[in-house]
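**Student:** One structure, pasted below without further comment.
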Amino acid sequence: MSDTAPILMWFRRDLRLTDHPALTEAAATGRPVIPVFIHDEVVEDYGPAPRWRLGEGVRSFAERLESIGSRLILRRGRACNVLEGLVEETGATAVWWTRAYDPPSVERDEAVKSSLTGRDVDAASRPGHLLFEPWTVETKQGEFYKVYTPYMRSVKNREVADPETAPSELAAPETWPDSDDLDDWGMGAAMDRGAEIVAPHAYIGEDAAQTRLATFMRDLIEDYAQARDYPGVEGTSGLSENLTYGEISPRTCWHAGLRARDAGKAGAETFLQELIWREFSYHLLHHTPRLMTGNWREKWDAFPWNEDERLTEVKAWKQGRTGIRFVDAAMREMYVTGRMHNRSRMVVASYLTKHLMCHWKIGMHWFEEHLIDWDPANNSMGWQWSAGSGPDATPFFRVFNPITQVDKFKADGYIRNWIAEGQDDPPEDALDYFRAIPRRWSMSPDDDYPEPVVSHEDGRQRALDAYQAREF
Ligand code: FAD
């Protein structure tokens with residue numbers, strides 16, 4: 001195998017130059033590196049908001065590569081076919097990528113690896129998306145962890161290598177292969193009226209992610225442990241959209257957290273623990289891929305979840321008009337910003353799965369379509385945790401009260417910011433919701449605010465009765 005032949009660097013959800021182990025290794029060989037992004041079978045299945053956000057991430061990353069004299073080659077098609085074609089075209093003898101852990105990506109990557117290896121191509125994955133490879137963490141009995149706290153204790157003092165610096169240049173091939181034009185892919189097309197409404201709320205690309213981390217560490221980390229619970233306060237890092245597309249590495253965030261802890265910042269320990277929640281999601285997804293598709297605790301298969309998306313209650317939940325203000329504010333926040341505060345995610349998930357007794361998969365899929373920080377592991381774990389069907393989940397009989405949570409988490413201002421009905425001079429955010437939604441929803445800021453589709457008391461009682469009837 002010639003050691004001057006190009007390396008194809010296949011980028012997926014790792015759109016960064018800094019702390020990218022596979023790229024660092026490729027750059028160090030001195031061989032030509034051809035960066036490639038493929039709109040492949042996995043991307044074809046993304047929901048509208050993740051697909052739009054990914055497209056913007058790709059645009060930003062292509063510019064970043066150009067700033068060091070390289071390029072991002074764009075191709076569309078089945079990953080296997082595209083890579084086989086590019087190997088032929090370029091004479092590359094290696095295809096490297098950063099490992100992914102969600103079942104559709106794993107299936108794709110296994111097919112790619114076996115096809116390329118069969119053609120004598122060095123097809124190899126490297127870590128970079130996680131701090132701890134899921135199979136390296138196990139209990140004393142040699143099993144995977146099913147409960148967060150012991151998992152967290154077992155990893156929190158592990159040595160995590162320092163982040164690697166970005167390569168200052170990448171050797172270019174003699175001739176560049178052709179590339180598609182990103183705009184021809186129409187990655188925002190399915191966003192309906194929404195892309196220009198969501199765009200101002202997104203922090204796209206590696207520079208934006210690094211700035212966000214620095215700002216968080218400077219201004220917010222001290223109070224993070226308390227402030228993170230209040231949806232009306234900007235108290236969290238906001239890094240989930242960057243972590244999910246790999247615009248920043250978890251190691252970079254982890255080391256920033258360690259430095260803050262060494263500097264005595266009160267919230268640093270909590271921040272590190274939240275990063276470990278992300279690791280825990282991937283640990284679970286790796287060991288039990290059904291986390292994304294079915295009840296993790298199979299006894300929940302017998303629970304009378306409602307699975308009919310056409311139900312009035314489901315529509316009301318999706319459209320932010322359940323008549324429960326905290327729930328509606330949160331659903332509208334997601335529609336406008338592509339994000340939702342963690343407290344709000346728990347409140348809307350609890351209301352859907354308990355008060356409305358609808359299957360968590362309905363909510364998981366709606367989030368999958370509308371979140372710009374959609375993450376296959378965090379989203380499925382978050383839903384199963386909220387519904388009670390997941391590992392280490394909140395018990396089903398603990399039903400959040402979406403009325404008292406408003407006071408408890410000082411959500412009054414948050415609600416005013418997102419619900420226009422009944423206000424003489426509603427804020428722009430609240431009005432943006434009506435600019436973003438499809439006209440067929442027939443909603444107007446001048447409407448009367450609806451009565452609850454299911455009140456807290458009725459919904460809670462119905463959920464508990466169903467739960468007790470099955471003696472879970
Ligand atoms: P910060 O509070 O600043 O935390 C830092 C990082 O730690 C986050 O960026 C994230 O990577 C990780 N983290 C924080 N909280 C959690 C958590 N509970 N579980 C796993 N990792 C966590 N997170 C996603 O990234 N994508 C999703 O699709 C997603 N869906 C969710 C669905 C439900 C029903 C629930 C209850 C939670 C979901 N979460 C999801 C987890 C959490 O709400 C978000 O990670 C968090 O709100 C992101 O905001 P932040 O970046 O400011 O977080």
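The values are calculated or read from the model by the stated rules, or taken from the named source; none is laboratory data. Since the structure is predicted, the reported quantities are computational estimates derived from the model, not experimental observations. Here the Cβ positions follow ideal geometry from the backbone for every residue, glycine too, while neighbour counts run over all protein chains shown. These area figures cover heavy atoms from the full protein model, side chains too; ligands, DNA and RNA do not enter into them. Shrake-Rupley method; radii C 1.70, N 1.55, O 1.52, S 1.80 Å.
**Student:** Looking only at helices (runs of 4 or more DSSP H) that lie completely in region 13-89, which have at least 3 residues being open to solvent by less than 20 Å² (accessible area, probe 1.4 Å)? Give the steps one after another, and end with the answer.
**Tutor:** Values: elements: 21-29, 41-44, 48-66.
Hits in region 13-89: 21-29, 48-66.
Let's see how each residue does on (1) modelled with pLDDT of 95 or more; (2) part of a loop (DSSP other than H, G, I, E, B):
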{"residue": "D392", "(1), (2)": "no, yes"}
{"residue": "N417", "(1), (2)": "yes, no"}
{"residue": "D424", "(1), (2)": "yes, yes"}
{"residue": "L431", "(1), (2)": "yes, no"}
{"residue": "P452", "(1), (2)": "yes, yes"}
{"residue": "A466", "(1), (2)": "no, no"}
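**Student:** If we only count helices (runs of 4 or more DSSP H) wholly inside region 119-230, which ones have 1 or more residues that are modelled with pLDDT under 95 and either away from the ligand (no atom under 16 Å from the Cβ) or more than 19 Å from the chain's Cα centre (by Cα) (or both)? Don't jump to the end; show me each part of the working.
**Tutor:** On the way: elements: 148-155, 195-198, 206-215, 224-227.
Those helices (runs of 4 or more DSSP H) span 195-198.
**Student:** Among residues belonging to region 339-354 that are open to solvent by 10 Å² or more (accessible area, probe 1.4 Å), charged (D, E, K, R) and in contact with a helix residue (DSSP H, G or I) (Cβ under 7 Å, 6 or more places away or on another chain), point out the one that is farthest from W52 (Cα to Cα).
**Tutor:** If we take residues in region 339-354 being open to solvent by 10 Å² or more (accessible area, probe 1.4 Å), charged (D, E, K, R) and in contact with a helix residue (DSSP H, G or I) (Cβ under 7 Å, 6 or more places away or on another chain), then R345 is farthest from W52 (Cα to Cα).
**Student:** Does D223 satisfy the condition of being in contact (Cβ under 8 Å) with a residue 24 or more places away in the chain and closer than 25 Å to T149 by Cα? Write out each step before concluding.
**Tutor:** Values: in contact (Cβ under 8 Å) with a residue 24 or more places away in the chain: yes; closer than 25 Å to T149 by Cα: yes.
In short, yes.
**Student:** Moving to a separate point now. Can we say F396 is among the aromatic types (F, W, Y), closer than 22 Å to T236 by Cβ and either modelled with pLDDT under 95 or near the ligand (Cβ under 8 Å from one of its atoms) (or both)? Don't jump to the end; show me each part of the working.
**Tutor:** Values: among the aromatic types (F, W, Y): yes; closer than 22 Å to T236 by Cβ: no; either modelled with pLDDT under 95 or near the ligand (Cβ under 8 Å from one of its atoms) (or both): yes.
No.
**Student:** On to the next question. List the residue pairs whose Cβ atoms are under 9 Å apart, where the first residue sits in region 365-377 and is near the ligand (Cβ under 8 Å from one of its atoms), the second is open to solvent by 20 Å² or more (accessible area, probe 1.4 Å) and among the hydroxyl-bearing types (S, T, Y), and the two are 6 or more positions apart or on different chains.
**Tutor:** Pairs that qualify, where the first residue is near the ligand (Cβ under 8 Å from one of its atoms) and the partner is open to solvent by 20 Å² or more (accessible area, probe 1.4 Å) and among the hydroxyl-bearing types (S, T, Y), are E368/Y46; L371/S240; D373/S240; W374/Y46; D375/S240.
**Student:** In addition: Just to confirm my filter: which helices (runs of 4 or more DSSP H) fall fully inside region 251-338 and include at least 2 residues that are open to solvent by less than 10 Å² (accessible area, probe 1.4 Å), aliphatic (A, V, I, L, M) and outside the structural domain of P450 (by TED's automatic domain parsing)? Full working, then the answer.
**Tutor:** Values: elements: 268-287, 312-318, 325-337.
In region 251-338, 268-287 are the helices (runs of 4 or more DSSP H) which contain 2 or more residues that are open to solvent by less than 10 Å² (accessible area, probe 1.4 Å), aliphatic (A, V, I, L, M) and outside the structural domain of P450 (by TED's automatic domain parsing).
**Student:** While we're on this one: Given R398, R460, R440, R470, which one is open to solvent by 30 Å² or more (accessible area, probe 1.4 Å) and in contact with a Lys or Arg (Cβ under 8 Å, 6 or more places away or on another chain)?
**Tutor:** On the way: R398 fails: in contact with a Lys or Arg (Cβ under 8 Å, 6 or more places away or on another chain); R440 fails: in contact with a Lys or Arg (Cβ under 8 Å, 6 or more places away or on another chain); R470 fails: in contact with a Lys or Arg (Cβ under 8 Å, 6 or more places away or on another chain).
None of the others qualify; the one that does is R460.
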